[in-house]
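I have a structure here, written as structure tokens, and I will follow up with some questions on it.
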Amino acid sequence: MASAYLNRIPIGYGSAQAQYYQDHPSMYGELGKTPLSEYPRRHNRRMNSMSMALALFVPWLLFVTVFVAMSFSLRYKFPEVAYLIVGLCLLVIITVGFHALATFRRRTATHVGHGGNWYIFIFLTCLAAWCLGLACGCQNFNRNMQPYFDLTNLNLYSAVDVTRIRGQQVMDAGRMVFKPRSQLEFRYAVGFKNSDTYCVAPVSRRLVNGSLPRLLNYDFWAVGINCCSEDGSNFQCGDHYNDKQAHAGLRLMRDDYRPFFRLAVQQAQAAYNIKSTHPIFIHWVLDPVLAMNEYKETGYKSLMLGMFSHFSVQLCLVAIAAMNFAKMDFANFDAPVTERLQNPLLQRVATIVVG
């Protein structure tokens, strides 16, 4: 090996010809003035912490912003503002995407930490966060927050007597407390089958002796889905369907369910020869105010769960991306030295040294 190394020493080393190499400004002394950016990077180069922090927090904050804008009171009271915020978030994502594309075209995508790899990663994860925030926010709004806001806008009726009051008299009712001894009449419960089973049971009132008389009109119906048999027997909708202390109702706010429950009431009218002039559909509960607040609590729990879940997934994705980008960066050092050096003079020197 020593002979091989000696064979690479230029002829005339130490002689007059070697003085040319020593005195030439481009061969000796001037190499120290080469910009540091021209030297090959080390294997243990640190990751760009700023890029990693942006890759972690920007998509997460975007998800939270879109989720909140599409879930809570802003959308209910000022939907135009909520959609404007969501649109601005999408515009930011598009801007990041153009920047990532421009960086990639400049062929800096292989530079770990400050190149196009992180820009592309941030763009893709931001786009995914925007879509998830939009979908989860809309679902949370439709299932939890919109019913809560609608119920707060409706009236609270107390001491409702089902033997005297008709449905037309409480059209704006959101929460109802019936008079004591009110209970569900399971004899007239019916289940309407349409993929799911839509169960209904009328609200009646016991006499002092405990008997349930047949009413002239049944306008208040407790409802549920897939909580009874197809013929209406074994009605078990809600947590308080058989609770003697429960005599309150929370208005059904799902417009898409109402037609099927109305068909179930019509089926009960035909089957038991009873009358229902204007049916009001309710969830049978113990306390309507607490039941209404459960919608709000569930909505905020969904937000907290979404924030925690998305942050955890994003943290894992950033860690995986950082490791893969590091491997890609280290792979560049397997190339020949002459290909990694961009300065032509350094390439000539490396060619002489390497042989």
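The values are calculated or read from the model by the stated rules, or taken from the named source; none is laboratory data. From a predicted model like this one, the values you see are computed outputs, not experimental measurements. When we count neighbours, we look across all protein chains shown, and the Cβ atoms used for this are built from the backbone with ideal geometry, even at glycine. Note: accessible area is taken over every heavy atom of the protein model, side chains too, but ligands, DNA and RNA are not part of it. Shrake-Rupley method; radii C 1.70, N 1.55, O 1.52, S 1.80 Å.
If Lys and Arg each add +1 and Asp and Glu each add -1, what is the summed charge of the other residues whose beta carbon sits under 14 Å from the beta carbon of LYS275?
Once all neighbours under 14 Å are counted, the net charge is 0.
Roughly to the nearest percent, how much of the accessible area of the range 63-104 is carbon and sulfur, given a 1.4 Å probe?
Answer for the range 63-104 is 81 percent, counting heavy atoms of protein chains only.
Here's another thing I want to ask about it. What does the accessible area per residue of the range 69-204 come to in Å², with a 1.4 Å probe and no ligands, DNA or RNA counted?
I get 49 Å² per residue for this part.
A further question follows. Excluding VAL223 itself, what net charge comes from residues whose Cβ is under 11 Å from its Cβ, given Lys and Arg +1 and Asp and Glu -1?
Charge balance near VAL223 sits at +4.
A further question follows. Once you place label points 7 Å from the Cα toward the Cβ at MET50 and SER312, how far apart are they in nm?
Modelled inter-label distance: 3.2 nm.
Right, next: Apply the a/c threshold of 1.5 to the C-alpha gyration tensor of the range 198-252 and tell me whether it is rounded, prolate or oblate.
prolate
Starting from the Cα of ASP256, step 7 Å along the direction of its Cβ; do the same at ASN209; then give the gap between the two resulting points in nm.
A separation of 4.9 nm, rounded to one decimal place.
Please give, to one decimal in nm, the separation of the simple spin-label points placed at ASP196 and LYS327, each 7 Å out from Cα toward the Cβ.
Reported label-point gap for ASP196 and LYS327 is 4.5 nm.
May I pose another question? Grab the Cα-Cα distance for ASP172 and LEU88, subtract it from 0.36 nm times how many residues apart they are, and report the gain in nm with one decimal.
Full extension of this stretch gives 26.5 nm more.
Apply 1/(1 + (r/R0)^6) to the Cβ-Cβ distance of ASN142 and LEU101, taking R0 = 30 Å, and write down the FRET efficiency to the nearest 0.05.
Between ASN142 and LEU101 the formula returns 0.25.
A 30 angstrom limit on the alpha carbon distance is what I want to check against. Which of LYS193/LYS244; LYS77/LYS244; LYS77/LYS179; LYS179/LYS275; LYS275/LYS296 exceed it?
LYS77/LYS244; LYS77/LYS179; LYS275/LYS296
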